[in-house]
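I have placed the structure first, in the form of structure tokens, so that the comments after it can refer back to it.
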Amino acid sequence: MEWDALLLSRIQFAFTIGFHIIFPAFTIGLASYLAVLEGLWLITRRDHFKNLYLFWVKIFALSFGMGVVSGVVMSYQFGTNWSAFSAYAGGVIGPLLAFEVLAAFFLEASFLGIMLFGWKRVGPGLHFFSTCMVALGTLISAFWILAANSWMQTPQGFAVGRDGSLVATDWLDVIFTPSFPSRLLHMTLAAYLTTAMVVAGAAAFGLLRGRANAENRTSLRMAVLMMAFVAPLQFVLGHESGMVALEHQPAKVAAMEGWWEEGPRKPTVLVGWPDEKSESNRFEIAIPESGNFIFGVPAEQSLPGLKKYEASERPPVAMTFWAFRIMVGMGVVMLALGVWGLVAWLAKRLDGARLYHRALVLAAPSGFVAVLAGWIAAEVGRQPYVIYGVMRTAEAVSPVGAGQVAGSLLAYMIVYAIVFSAGALYILRLMGAGPGPGEETPHARDRGPGDMLAAGLAPTAKIAPTSSQSE
Amino acid sequence: MFGVELSLIWAVLIALAVFLYVVLDGFDLGVGILFPFAKDSKERDQMVAAIAPVWDGNETWLVLGGGGLLATFPKAYAALMPALYIPIGLMLMALIFRGVAFEFRHHGRQRGKRFWTIAFAGGSIAAAISQGFVLGGFIQGSDFLEGRFIGFPFDWLTPFSCVVAVGLTLGYGLLGATWLIFKTEGALLERARKWARRLAIAVGLAMAAVSLATLALNELVTERWGLSMYQIDWPTFARVAPLPILAAVLVALIWRAAAGRHALRPYLLSITLFATAYAGLAVSLWPFIVPYVMTPADAAAPDNALALMLAGALPLLLLIFAYTFYVYWVFRGKVAADASYH
């Protein structure tokens, strides 16, 4: 392995996108959650929904800000580090990325202003509308970015143009590739689950601290419902995604499953260490002959093995294999916690189940781990291609020197370490205090004209004990 | 389409997006640039309150600049970005610091707030300077071979690009100061008037310096303006002379309006000054999208990509203008003197 511009650019892309995806994964779910909370408040007029909204919107503002700034980086990195890819495929994939900006980013960014600062400037209906527009923006954004990434995974609807770069032949084919529908839904649900785990963790923490208020009890129940009903669905979608990969990216599936030999009656490898030198798994524990059943194909049907592919056509096996296992493991954790919570709820013991609450606090980051691991499995698993079967990652890199890339990588690491630590500190501080009665609006001290909404919120005048403002 | 090349339409649209970015994010970057000159923490809170609800939307035009260029002129994007690797990277990192500072400043306690206040000012200044280097590097041109950058990592760093960087930073400062005239009241308003007057003069001088330096860059530019070291081609110069004259008049008008009772006029005049500079740049660089090597037609994506983009972008842009205007309308009026960010 040579520390050239290619390897460094790959590390930089992995680092910056990995840092970035944490925030959308959380804010896609949180925006929808906020829309639900505000809607419930407007319908029921029960204070704890409003308090939950005002609490989570502050965390949303912090997370969204970090998502925005780390996202701007991505829109330029295609050019600074992957210019050969941009020149070759920009005519096909560029419009998908540009539509994300035009249809989603402006919508989110504009209505976020009203969401955070418009409490006293617009009526409740318009404020709720703004929250919904932000939530809609996050979903549109997911649509286009997953369309772009799915095209890179299972490209179609293009040809090589006269100048040697790619040209689209059918835009609907480009947008709706085989892997797109299942991956879009898989990612959207992953975001919802990620948010549910964080919300559950924060509520459980509050309950452990003896704050058995309506806010914590309600949000815990909402999260449990999400876990119990969406986690199983997520397994179905993940399976669907795997079936598409089996057809279009068999080498990725082989790496995820740790299959070296092609053939029928494949085992399900539970754990092991795929060794690329000996082309076998060390310390393997497997359930024999269950692989075909899991993929829902007849036992005699042949399934792919890595040996079928030249070593230069294989993805890094151990990384794909383990990332996949970590993702599935986190899914199992969420599912188990969902079922546990549902049972405790039915037994009317949800608010006092301290062991369950501890487990939830511990599992609060499980969604982030699952999302990161899942994306690692997806992106490492499609190597050595950046556009599957069409363009190798090695051909995609910019004509820049290793020194420059090393410098920028180091700088990003320092910048992100500072920003991430501070952001995490502020979010955890808010979560530690937890939601409660009399939650302040995001800019409570701003005395703007027109106090329409505030007029309907008499209890907000109290100073929340959670406030950590200085100066 | 209508006998006009799609690539030309898109070149105009991308130029428009970049211009909107410059005058919109310009004022909120400018407020950050002026941060160190504020009297106290309360005044800084007021300054942030004047931009907080809208900065995110403003910065989205930059994302559109990147994403739009990739979509419509992938070869220009692929040529320019590696050439400007370092200033683009610096700009992005600076924008990270100032972007998170909006929220972080509020959540930080004593030391944290001080750190993020400095990060907001430093990030805004560094972002403006980096963008100046990007602009300077873009104007002066780089070495390309068949659309690939073949120069050195620091080619963008020249005396010329340094002058541009200073000029753009002052220009953003002017937009920030005039925006504060529009949005604030009390002592801060008076201070903003003073800043705007000084910055108007400084920007005028910087524009003159950049304009003269640009003439020395490339023969094409010299010819376009009819000005060389040895002679002046009067008929050619007469056609473009209104631009520098207009710029000088605008500087004077801003200087006067900033002192008067006007609220919005100084900002609008400053935008017009930027538009004049932009037009001057267009005169110099036409018809290149990558100066001196690539025209829009050379760099354009396939026609079907441009057509799809146009069909999608026109209605979406109208929608964006509509709700952007609505958001500015919601937050109309002066920021109260006792306003704080949250």
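Each value in this text was obtained by applying a stated rule to the coordinates, not by laboratory testing. Remember, it's a predicted structure, so these values are computed and weren't measured experimentally. A quick note on method: Cβ atoms are made from the backbone with ideal geometry, for glycine too, and the neighbour counts reach across all protein chains shown.
For segment A:281-338, which residues satisfy the criterion of being acidic (Asp, Glu), surrounded by 14 or more Cβ atoms within 10 Å (Cβ to Cβ) and not in a strand (DSSP E or B)?
A:313
Looking at B:152, B:133, which one is more than 18 Å from the chain's Cα centre (by Cα) and either surrounded by 22 or more Cβ atoms within 10 Å (Cβ to Cβ) or not in a helix (DSSP H, G or I) (or both)?
B:152
Considering every residue within segment B:45-56, establish whether at least one is surrounded by 23 or more Cβ atoms within 10 Å (Cβ to Cβ), assigned to a helix (DSSP H, G or I) and free of Cβ contacts under 8 Å to residues at least 60 places away in the same chain.
Within segment B:45-56, one or more residues are surrounded by 23 or more Cβ atoms within 10 Å (Cβ to Cβ), assigned to a helix (DSSP H, G or I) and free of Cβ contacts under 8 Å to residues at least 60 places away in the same chain.
Could you look through segment A:126-141, keep only residues that are out of contact with any Phe, Trp or Tyr (no Cβ under 6 Å at 6 or more places or on another chain) and free of Cβ contacts under 8 Å to residues at least 24 places away in the same chain, and pick out the one that is farthest from residue A:21 (Cα to Cα)?
Filtering first and then ranking leaves A:126.
Say whether the condition of being among the charged types (D, E, K, R) and over 21 Å from the mean Cα position of the chain (by Cα) is met by at least one residue in segment B:57-68.
There is no residue in segment B:57-68 that is among the charged types (D, E, K, R) and over 21 Å from the mean Cα position of the chain (by Cα).
Quick one: residue A:120 ticks every box in (1) in a helix (DSSP H, G or I); (2) more than 7 Å from every other protein chain (Cβ to nearest Cβ) bar one, so which box is it?
Just one mismatch for residue A:120, condition (1).
I want to confirm something. Restricting to segment B:130-141 and keeping residues that are touching a Leu at 6+ places or on another chain (Cβ under 8 Å) and under 14 Å from residue B:86 (Cα atoms), which single residue is farthest from the other protein chains (Cβ to nearest Cβ)?
B:132
Any residue at all in segment B:186-208 that is touching a residue at least 60 places away in the same chain (Cβ under 8 Å), closer than 19 Å to residue B:134 by Cα, under 23 Å from the mean Cα position of the chain (by Cα) and in a helix (DSSP H, G or I)?
yes
Among the residues of segment A:64-84, write down those that are more than 8 Å from every other protein chain (Cβ to nearest Cβ), over 15 Å from residue A:412 (Cβ atoms) and of a type in the set (A, V, I, L, M, F, W, C).
Of everything in segment A:64-84, those that are more than 8 Å from every other protein chain (Cβ to nearest Cβ), over 15 Å from residue A:412 (Cβ atoms) and of a type in the set (A, V, I, L, M, F, W, C) turn out to be A:64, A:82.
Looking at (1) within 10 Å of another protein chain (Cβ to nearest Cβ); (2) under 25 Å from residue B:50 (Cα atoms); (3) of a type outside the set (Asp, Glu), which one does residue A:169 not meet, given that it meets all the others?
(2)
Working carefully through the options B:104, B:97, find the one that is surrounded by 22 or more Cβ atoms within 10 Å (Cβ to Cβ), closer than 19 Å to residue A:75 by Cα and within 11 Å of another protein chain (Cβ to nearest Cβ).
That would be B:97, the only listed residue that is surrounded by 22 or more Cβ atoms within 10 Å (Cβ to Cβ), closer than 19 Å to residue A:75 by Cα and within 11 Å of another protein chain (Cβ to nearest Cβ).
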